[in-house]
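Right, one structure below, let's go through it.
The values are calculated or read from the model by the stated rules, or taken from the named source; none is laboratory data. These figures come from a predicted structure and were not determined experimentally. Cβ coordinates were reconstructed from backbone atoms using ideal geometry, including for glycine residues, and neighbour counts include every protein chain displayed.
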Amino acid sequence: MEKGLFNICLLWLLCACGNHSQYYTAEDFAGLPKTDAHVHIYTADTAFIHQARQDNFRLLTIAVEEPPGMALQERLGIAHHRRFPQQVAFAATLSIAGWDHPNWPQKTIAHLDSMISAGAMAIKFYKTIGMELQDEAGNFVMIDHPRFDTVLSFLTSKGIPVIGHFGEPKDCWLPLEKMQMNSNRKYYSRHPEFHMYAHPSYPSYHEQIAARNRMLQKHPQLRFIGAHLGSLEWNTDTLAACLDKFPNMAVDMAARIGDLQFQAMKDRQKVRDFFIRYQDRLIYGTDRTAEDDGPAPQFIHEAWLRDWAFFTGRDTLRSPSFEGVFTGLQLPKTVVDKIYRDNAEQWCRGLR
């Protein structure tokens with residue numbers, strides 16, 4: 001009887017240990033190589049990079065056509081990549097300057113080719129397409145405009161992914177007081193030019209998404225990473241349908257993890273199932289920015305730890321983005337490895 005009880009206890013302990021080994025813990029954070037595949041380094045200062053090294057992160061810094069300027073951001077990306085080749089990769093950006101000029105496609109391709117030769121892992125297409133760029137007649141230019149096709153075909157032939165930020169979160173089309181995310185209220189208070197509720201004559205949310213989808217239909221071989229959950233952050237079912245429709249599309253989670261946590265607050269299992277089903281298409285990123293007068297590196301360290309707790313644990317958590325509590329997803333190690341490292345390397349092959 002005592003021997004039988006001992007065997008049962010031993011079997012229970014082995015099962016418990018086996019189950020525990022399927023998941024990472026807080027103690028595993030620093031030891032696991034990870035990639036934050038969506039940051040913006042706007043400074044020559046290297047404190048952010050050193051914090052990333054301490055936390056075992058590789059960074060993909062992405063240039064965009066906004067202050068402090070595309071050219072400076074690309075120069076900084078190249079400089080940091082050359083100084084810290086194992087720590088920093090960079091993505092260049094598409095400029096819409098001179099878009100109406102006849103030689104814009106050729107000039108743009110020449111610039112992007114020079115960036116690729118300098119080591120660019122991807123090219124960013126920014127939300128100014130669809131929200132700011134207009135043709136000579138005053139019509140908004142969307143990403144499915146034929147004028148972009150030559151550039152997109154060039155990138156497809158090179159195997160270079162496009163990181164596409166088209167549209168904005170659904171909150172963008174709501175008044176500030178009705179927005180779901182505190183972070184969105186803060187952002188659009190500071191950037192009213194992109195608050196679409198205040199610009200009813202601009203293209204709608206659905207028009208932005210439809211134009212993106214038409215572009216992907218025209219370029220099915222393009223490697224496409226939808227920034228910010230592909231602006232489908234509000235519903236994992238809708239995002240899942242998009243991923244099913246476009247097999248060459250992945251998404252990063254930059255600045256939208258709070259939206260996933262909000263949905264997990266209502267239905268944790270549904271969000272967890274989504275991560276497991278689409279584990280090869282989801283890329284970790286934060287959208288954190290390093291600037292001369294920006295937050296201390298400790299700020300990003302703490303943000304990285306909060307995200308790690310959400311993906312790897314099952315504690316009760318809170319988010320600064322909304323009111324309420326939710327439970328960590330406790331994803332299997334194999335899934336965590338993919339979203340934190342393997343998928344970034346797969347979709348931006350130069351990150352290997």
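Applying the set (1) among the aliphatic types (A, V, I, L, M); (2) buried (at least 21 other Cβ atoms within 10 Å of the Cβ); (3) not in a strand (DSSP E or B) to residue 137 leaves exactly one unmet item: (2). Restricting attention to segment 213-238, the residues that are buried (at least 16 other Cβ atoms within 10 Å of the Cβ) and either of a type in the set (D, E, K, R) or in contact with a Cys (Cβ under 7 Å, 6 or more places away or on another chain) (or both) total 4.
Note on segment 159-201: residues that are part of a strand (DSSP E or B) and β-branched (Val, Ile, Thr) total 2. Starting from residues that are closer than 26 Å to residue 231 by Cα, assigned to a loop (DSSP other than H, G, I, E, B) and among the hydrophobic types (A, V, I, L, M, F, W, C), keep the ones in segment 85-128 and report whichever is farthest from the chain's Cα centre (by Cα). So the residue we want is 99. Here the condition is being closer than 19 Å to residue 126 by Cα and aromatic (Phe, Trp, Tyr); of 90, 57, 84, it holds for 90 alone. When the residues of segment 303-352 are filtered to those that are part of a helix (DSSP H, G or I) and among the hydroxyl-bearing types (Ser, Thr, Tyr), the one that is nearest to residue 117 (Cα to Cα) is 340.
None of 151, 141 is farther than 26 Å from residue 33 by Cα, among the aliphatic types (A, V, I, L, M), touching a Pro at 6+ places or on another chain (Cβ under 9 Å) and touching a residue at least 40 places away in the same chain (Cβ under 8 Å) except 151. Only residues that are outside any helix (DSSP H, G or I), more than 15 Å from residue 51 (Cα to Cα) and within 18 Å of the chain's Cα centre (by Cα): list them for segment 258-302, please. Those that are outside any helix (DSSP H, G or I), more than 15 Å from residue 51 (Cα to Cα) and within 18 Å of the chain's Cα centre (by Cα): 278, 279, 280, 281, 282, 283, 284, 285, 287. The residues on offer are 180, 217, and the sole one that is at pLDDT 95 or above and either within 29 Å of residue 150 (Cβ to Cβ) or under 21 Å from the mean Cα position of the chain (by Cα) (or both) is 217.
Within segment 57-84, the set of residues being in a loop (DSSP other than H, G, I, E, B) and loosely packed, with under 14 Cβ neighbours inside 10 Å comprises 67, 68, 69.
The residues listed here are 210, 254, 241; of these, the one that is small (Gly, Ala, Ser), surrounded by 22 or more Cβ atoms within 10 Å (Cβ to Cβ) and either out of contact with any Pro (no Cβ under 8 Å at 6 or more places or on another chain) or part of a loop (DSSP other than H, G, I, E, B) (or both) is 254. Evaluated against (1) touching a residue at least 12 places away in the same chain (Cβ under 8 Å); (2) surrounded by fewer than 21 Cβ atoms within 10 Å (Cβ to Cβ); (3) on the phi < 0 side of the Ramachandran plot; (4) not basic (Lys, Arg), residue 159 falls short on exactly one condition, (3). Looking at this structure, is residue 54 surrounded by fewer than 17 Cβ atoms within 10 Å (Cβ to Cβ), under 26 Å from residue 301 (Cβ atoms) and modelled with pLDDT under 95? So residue 54 fails the test. If you go through segment 215-238 and keep only what is part of a helix (DSSP H, G or I) and over 25 Å from residue 305 (Cβ atoms), you end up with 215, 216, 217, 218, 230, 237, 238.
The single condition among (1) at pLDDT 95 or above; (2) crowded, with 16+ Cβ neighbours inside 10 Å; (3) more than 17 Å from residue 300 (Cβ to Cβ) that residue 43 does not satisfy is (3).
What residue, among those in segment 272-318 that are of a type in the set (Val, Ile, Thr) and in contact with a strand residue (DSSP E or B) (Cβ under 9 Å, 6 or more places away or on another chain), is surrounded by the fewest Cβ atoms within 10 Å (Cβ to Cβ)? Within segment 272-318, the match that is surrounded by the fewest Cβ atoms within 10 Å (Cβ to Cβ) is 316.
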